[in-house]
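Undergrad: Pasting a structure here, questions to come.
The values are calculated or read from the model by the stated rules, or taken from the named source; none is laboratory data. Note that the structure is a prediction, hence the values are computed from the model and not measured. Positions of Cβ are generated from backbone atoms using ideal geometry, with glycine treated the same way; all protein chains shown enter the neighbour counts. In case anyone asks, the SASA skips ligands and DNA or RNA and just uses the protein heavy atoms, side chains included. Shrake-Rupley method; radii C 1.70, N 1.55, O 1.52, S 1.80 Å.
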Amino acid sequence: MKSIKFPMSVVAVLALGLSAVAHDAPTGMHISTKSQQAHVFFETGLQKMEMLHIQDGLENFRNAVKADPQFALGHIFLTFFSQDPTEQVAERDKALATRESANAEEKQIIDWLAAAKQSRLIPAIQNMNEVLQKNPQDKHLHWLAGWWLLVDHNQSQRAAEMFEQVIQLDPKFPDAWNEAAYCYARMGNFDKAFADIKRYTELVPNEPNPQDTFAEISRMAGRFEDALQHYHASLKIDPSFHESQLGLGDTYALMGDQAKAREEYARAIEVASPVQKVLWSLQSAATYVREGDLAAADKAFNAVAEQAHAKDFANLESEAYRSMSMYQLDSAASMRLLAKAEAVLKEDHKVPQSLLNQELAAVLRTRVERASADKNKDLATATLKQLQDLSDANGGDGLIATALHGASGAIALSQANYADAVNHLEEDTDNAFSMRSLIIAYEKNGQEGNARRLAAKLAALNVPVIEQALVVPEFRKQRAALAARTNPALDPRAKYFK
């Protein structure tokens, strides 16, 4: 599960430009609020979000809708940007209740974003497409579409194309360079990613987020010392830029210094918002897994689950139990935790259905993988059917679709259906478990070149998630050990460990 981190200027996308707040513009729209105070808060919120000052931005948006409770677009902004799932639901309901006070273009944006949070993806996509067709030259709307494709649907290639279109419309739009860089980094094109980040830094040199992005992509590329330097540079520009403090923890965790990572995480958590405290505590808990201290990991994840339960963050409570299930040595204990994770999601919660569905897909996928490893064919097959039904009911959700492919690939591999395993697992090559399985499927299927390339990619995977913690460090050890004792002339396996 990727940690939640908001990109720059998403709010500006929805606002269709700062100038649109005050008046109509050729590629913008008039914001439907009669309150000058709401306008001021709204503009300030835009500026704060533009530079990734998330909490300040959210507070200004909250003040905007307090000044004008009928400000429907303001409510949907909070739905879209809040990290608190309960606030997302409350503000979505307010946006829909005040929708008639908005103009036609605002209504369509509200319908798009509200449907997305309700897991009604077909109408969400239809509204998005109509908005883009009516505003082909609007850089902000295309930027939003790219962000939505990237973050909500895990479609880096399509998102990159959208960001490139934004850059063509306005080469000085900082956010497009920033998010395009993330897309290219996720696709493994680090040369392009660093070139885009360099341009992003040139456009806003005095803001902390360019340094933070430089750090994150450096970490993804395995350049840990560079990452630490850029995170410190970000904090030097703005000591309150807490995302960079979190990044220090992530980097030390991936470097193998878990005690130092927990120190940095603790500093970030201390100043975090309630939902950030839970999210970032999940990452801190994973450091014990990286150390192999599973008892301490259980204690830490249980504490996170209790914290999430108290705040009614059901998707995060479920994620804590799912994470625990993945490193259990006893299969029965793992299955009990997965049952607990699933049960949490079926309780009555004020959490967007889209988040609950995506977390349920992750839980079901993990159950399939565990059952397949245990050779429990009946459970694996029955759970895959649940996941298929969930995917069918949420057609278009990229995260659920990739979970389905990962689970299908796991079953196919366990049944020695290597060609089918390859077909499914190639649709989920960002997940460490699927990557490891795909290497085996490639080898068994006679695709040695693909196996070798993917082995190198897996060994270089540097993302601070529980799947990476459970797969990559051990894979690197096995790879190094085999390379050290293998005579390439005698053992054909050696080619995968060069």
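Undergrad: Do any of LYS277/LYS340; LYS94/LYS311; LYS66/LYS236; LYS236/LYS299 go past 25 Å between their Cα atoms, and which?
TA: LYS66/LYS236; LYS236/LYS299
Undergrad: So, one more: Evaluate the Kirkwood expression for the hydrodynamic radius of region 131-240, namely the inverse of the mean inverse distance over all pairs of different C-alpha atoms, and round to one decimal in Å.
TA: In region 131-240 this quantity evaluates to 14.1 Å.
Undergrad: Return one whole number: the accessible area per residue of the chain in Å², for a 1.4 Å probe.
TA: On a per-residue basis, 41 Å².
Undergrad: List the trypsin sites (Lys or Arg not before Pro) within region 318-370 that fall in a DSSP loop (any state other than H, G, I, E or B) and whose Cβ has at most 15 other Cβ atoms within 10 Å.
TA: Of the trypsin sites (Lys or Arg not before Pro), the ones in loops of region 318-370 whose Cβ has at most 15 other Cβ atoms within 10 Å are LYS346, LYS350.
Undergrad: Only Cα pairs under 8 Å and at least 6 apart count here; give the relative contact order of region 347-396 as a rounded whole percent.
TA: So the answer I get is 34 percent.
Undergrad: Give the dimensionless ratio obtained when the Cα radius of gyration of region 36-110 is divided by 2.2 N^0.38 Å.
TA: My calculation over the Cα atoms of region 36-110 gives 1.00.
Undergrad: Hey, what did region 283-329 get for relative contact order, percent, Cα under 8 Å, at least 6 apart?
TA: 32
Undergrad: Something else now. For the chain, what does the helix formula give at 222 nm: sum of -39500 (n - 2.57) over DSSP H segments with n ≥ 4, over the residue count, nearest 500 deg cm²/dmol?
TA: It comes out at -23500 deg cm²/dmol, rounded to the nearest 500.
Undergrad: What percent do you get for the relative contact order of the chain when only Cα pairs under 8 Å and 6+ apart count?
TA: Computed value for the chain: 10 percent relative contact order.
Undergrad: If you don't mind, there's one more thing I want to ask. Gain in length, LEU203 to ASP378, computed as 0.36 nm per residue apart minus the alpha-carbon separation, to one decimal in nm?
TA: Between LEU203 and ASP378, full extension yields an extra 57.4 nm.
Undergrad: Using only C-alpha atoms and all pairs of different ones, pull out the Kirkwood radius for the chain in Å with one decimal.
TA: 23.5
Undergrad: How big is the Rg/Rh ratio for region 91-188, C-alpha atoms only, Rh by Kirkwood, two decimals?
TA: When Rh is taken as the Kirkwood radius, the ratio is 1.01.
Undergrad: Give the Rg/Rh ratio for region 314-378, taking Rg as the radius of gyration of the Cα atoms and Rh as the Kirkwood radius, to two decimals.
TA: 0.99
Undergrad: Next question, about the same structure. Using a 1.4 Å probe on the protein heavy atoms, what percent of the accessible area of the chain belongs to carbon and sulfur?
TA: 51
Undergrad: Grab the beta carbon distance between LYS385 and GLN126, set R0 = 30 Å, and tell me the FRET efficiency rounded to 0.05.
TA: 0.55
Undergrad: Post the alpha-carbon centroid distance, region 306-336 to region 381-395, in whole angstrom.
TA: Result: 21 Å between the Cα centres.
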